[in-house]
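Derivation of every value follows stated rules applied to the coordinates shown; laboratory data play no part. Predicted model, so just to flag it, every value in this text is computed and none were measured. All Cβ positions, glycine included, derive from the backbone under ideal geometry; neighbour counts span all protein chains shown.
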Amino acid sequence: MATRRPWPLAVSLAAFAAVMALWYLPGMPHFPWRGGLVAAAVLAVTWMECGSLKPLGLNFPWPKRTLWYALLVWLALEAAMDFVVQPAIVRLTGEATDYSAFAALAGNAPTTLRYLAGMWLSAAVAEELFYRGYVFRMVERFSRPSVLRNLAAILVSALLFAAPHAYQGLSGLIATFAFGLAFATVFLSVRRNLWVVILAHGFVDTLFLILAYAGKLSWYP
């Protein structure tokens, strides 16, 4: 199917604002249904505008070696964030990341499993669809391909990604911003294969929830 001509910029911006409101406005469905609603909206808007999901970085079936790339990205992120970036952030701010919102998961298998399923929908899928796939596509509407445009897309997506994580305190907010920079950079590096960052994001959060269940979140700075 041929890709359609994009909507007028004003219409695209209005659609983007409506989808973004689903993330940020109060009164929306809670986790994980808010994420599911956002994911459905991003997919629907992109399909209606473009007649394809490829502008988001979604190809079916996913490209070869996608799983291997995702595993490598996950391992690299865990090593860099857990042992270098997050300790540096804690030293800079003088405060540890606030993980108290996940205290109820310790030793609670049913709740942890619900969080795990919800995380894959709301974080791995919905956040990557919106913050990487959709935000990148919108930033790219404003200028021709260039290094500066790529840097702008990386920065905007990381800032928007970090904003909803303020409940984790200053250190958590900065760490999430760093993760956003990393996921966005990976997205560009793997030729906009969104499957890689969806899987890598899911692996990162899966390990986090396993440690939360085990009562071992002290592993993180």
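Can you put 187, 161, 177 in order, fewest other beta carbons within 10 Å first?
Least crowded to most crowded, the residues run 177, 161, 187.
What spacing in nm lies between the two simple spin-label points modelled at residue 111 and residue 163, each 7 Å away from Cα in the Cβ direction?
Roughly 3.0 nm, to one decimal.
Set the Förster distance to 35 Å, then compute FRET efficiency between residue 75 and residue 144 from the Cβ-Cβ distance, nearest 0.05.
About 0.50, to the nearest 0.05.
Select from 164, 135, 58 the residue farthest towards the positive end of the dipole of the chain; place +1 on Cβ of Lys and Arg, -1 on Cβ of Asp and Glu, and compute about the Cα centre.
Value computed over the given set: 58.
Could you point to the residue in 215, 6, 107 farthest towards the positive end of the chain's charge dipole, with +1 and -1 charges on the Cβ of Lys/Arg and Asp/Glu respectively?
Positive-most Cα among the choices belongs to 6.
To the nearest 20 Debye, how big is the dipole of the chain about its Cα centre, given +1 on the beta carbon of each Lys and Arg and -1 on that of each Asp and Glu? Kindly include the intermediate steps, with their values, before the conclusion.
Details: 16 positive and 9 negative charges, 172 e Å.
Using only the charged Cβ atoms, the result is roughly 820 debye.
With contacts defined as alpha carbon pairs under 8 Å and 6 or more residues apart, what's the relative contact order of the chain in percent?
Worked out over the chain, it gives 31 percent.
How much length is gained on full extension from residue 68 to residue 155, taking 0.36 nm per residue of separation minus their Cα-Cα distance?
The residue 68-residue 155 span can extend by a further 28.7 nm.
What translational D, rounded to a whole number of µm²/s, comes out for the range 61-108 from Stokes-Einstein when the hydrodynamic radius is the Kirkwood one over Cα pairs, at 10 °C and 1.306 mPa s?
Using the Kirkwood radius from Cα pairs, D works out to 117 µm²/s.
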